[in-house]
Amino acid sequence: MATTIPNFETPWSEFAGEGRNYDLYRPGYPGEIAKIIIDYAIHHRLDADIVDVGSGTGIFTRALASEAKRRLSIIGIEPNADMAHVAVKSTPRELQIKFRISPAERLPFPDRSVSAVTTATAAHRFDRLAFYNEVARILLPGGLLALVHNRHRYLDSPALSEYHDFVEQCIPEYRRGTFTTAAGTYSTINFYSELYTDLRFENVKVRHWNWDFDTSLPHFLALSFSSSLIQRSAVAIGEQATTKKLTEIFERHSQDGLLRQPHVTEVTFATKQ
C-alpha cells in the first residue's frame, strides 16, 4: 500500500484532488505497447522489476501488470499522494502492483536493479536530465526505457483544433504542440534527440499508434477539467465561462451525442548500454 505523506514540491501538486476524475475519464493506451515492453523483458531474460514512473492513478501501470500476468513484478512510482491513493484504490488485488511515492528525479532503487522503466504522459514534467541519470543508474545492462505519450491529433479534428484555439486564447504562453515543463512553462520536447545524444543509451527509436475514442458531454467536460490546460484556462476566465466554451465546442462538433477524439500515442524506446 502507498504511504500517505505530503506531496513533493513539484508541478504534480496541481493534480491534487483530481485523482478520481483523472482515473475515471483519462483515456488509456494501445494494448500493444505494454505487450512490447513485457515481451522485451521476458525475451531478454530480464526478470527484475518493471517500474512505471509518474504512474498517476495507475492507468498504464495496470496495463503493464495485466500483460505481465505475474511473470514480472510491476511497481508504480508517483510523487502526488492523492494520485497514488486513487491508484491503490482502483487497482484489483490480483494485479499485485506495488505503488510507492517518490519523485522521478530520486528513484528508490539500487543500482542495476530494474529490467525496464516506463513513463506514460508524464516525462514532459520531469527534470529529465536528473531522470535520465536515475534511469541509467537503476537499469540493468540491456534494460529498456519507454517514454509513452498520448497527444491530440488536432489536425484531424476541427473540435480539437478549436479546443486548442481556446486554450491559446486563455493561456498566452501556450502553443499547441508544446508541453508543460518541470518549471510549469510550455516547451516543445524531443525525447528522441535527448536520448540519441546520451551515450548511456542505444537503439533509440520512435513508434506511433493512431487511435480514436468517443466522449459524451459529461465525459468530455470531466476529461477536459482533469487537464492542467483547462484548469489554467478556468483560472484565467472562470470555471463557468470555460464550461460554457467547452460545451459549445462539443455541441458544434458532436454527432448523435458523442464527440470523437483522435489521438496518437508516441513511444520513444531506448536500451541501457
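The values are calculated or read from the model by the stated rules, or taken from the named source; none is laboratory data. Bear in mind the structure is a predicted one, so any value in this text is a computation, not a measurement. Ideal geometry is used to build each Cβ from the backbone, glycine not excepted, and the neighbour counts take in all protein chains shown. Ligands, DNA and RNA are stripped out before the accessible areas are found, and what is left, the full protein with its side chains, is counted by its heavy atoms. Shrake-Rupley method; radii C 1.70, N 1.55, O 1.52, S 1.80 Å.
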- Item | Whichever lysines have a C-alpha closer than 19 Å to that of LYS98, once near sequence neighbours (fewer than 8 apart) are set aside | LYS69, LYS89
- Item | Karplus 3J(HN,Hα) series, Hz, for segment 207-224 with 6.51 cos²θ - 1.76 cosθ + 1.60 (x for Gly, Pro) | 10, 10, 10, 8, 7, 10, 8, 9, 10, 6, 4, x, 5, 4, 5, 5, 4, 4
- On each of the three principal axes the extent of the alpha-carbon atoms of the chain, given in whole Å and largest first, is 52, 38, 36
- Task: Given the options GLU202, GLU105, GLU173, state which has the largest fluctuation in a GNM of the chain using a 10 Å cut-off (strictly under) for Cα springs.
- Result: GLU173
- Anyone know which of ALA87, ALA123, ALA236 comes out most mobile in the 10 Å Cα GNM of the chain? ALA236
- Query: In what sequence, largest accessible area first, do ARG62, ARG125, ARG106 appear using a 1.4 Å probe?
  - Reply: ARG106, ARG62, ARG125
- Task: Rounded to the nearest 0.05, what FRET efficiency do THR188 and VAL235 give with R0 = 35 Å and r taken as the Cβ-Cβ distance? Could you check?
- Result: 0.90
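Determine the share of the chain's accessible area contributed by carbon and sulfur atoms, expressed in whole percent, with a 1.4 angstrom probe.
Working: 6400 of 12730 Å².
Ligands and nucleic acids excluded, carbon and sulfur reach 50 percent.
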- Item | lysines with Cα under 21 Å of LYS205, excluding same-chain neighbours fewer than 8 positions away | LYS35, LYS272
- Pick from GLN261, GLN231, GLN240: which is most flexible by mean-square fluctuation in a GNM of the chain where alpha carbon atoms under 10 Å apart are linked? GLN240
- In order over segment 74-80: 3J(HN,Hα) from phi, Karplus 6.51/-1.76/1.60, θ = phi - 60°, whole Hz, x for each Gly or Pro, gives 10, 10, x, 10, 9, x, 9
- Query: Over the chain, what is the relative contact order in whole percent, taking alpha-carbon pairs under 8 Å and six or more residues apart?
  - Reply: 21
- Cβ under 12 Å from TYR196's Cβ, TYR196 left aside: what net charge do those residues give with Lys, Arg +1 and Asp, Glu -1? -1
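Under the Kirkwood approximation applied to all pairs of distinct alpha-carbon atoms, what is the hydrodynamic radius of segment 127-273 in Å?
Evaluated on segment 127-273, it is 17.2 Å.
For the chain, give the share of DSSP beta bridges that are antiparallel, in percent and rounded to the nearest 5; count only bridges with both residues there.
Bridges in the chain are about 60 percent antiparallel.
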- Note on the structure: By accessible area (1.4 Å), largest first, LEU144, LEU129, LEU258 order as LEU129, LEU258, LEU144
- Task: Would you list which aspartates and glutamates come within 14 Å of LYS244, measuring only between C-alpha atoms, while excluding same-chain residues fewer than 8 positions from it?
- Result: GLU162
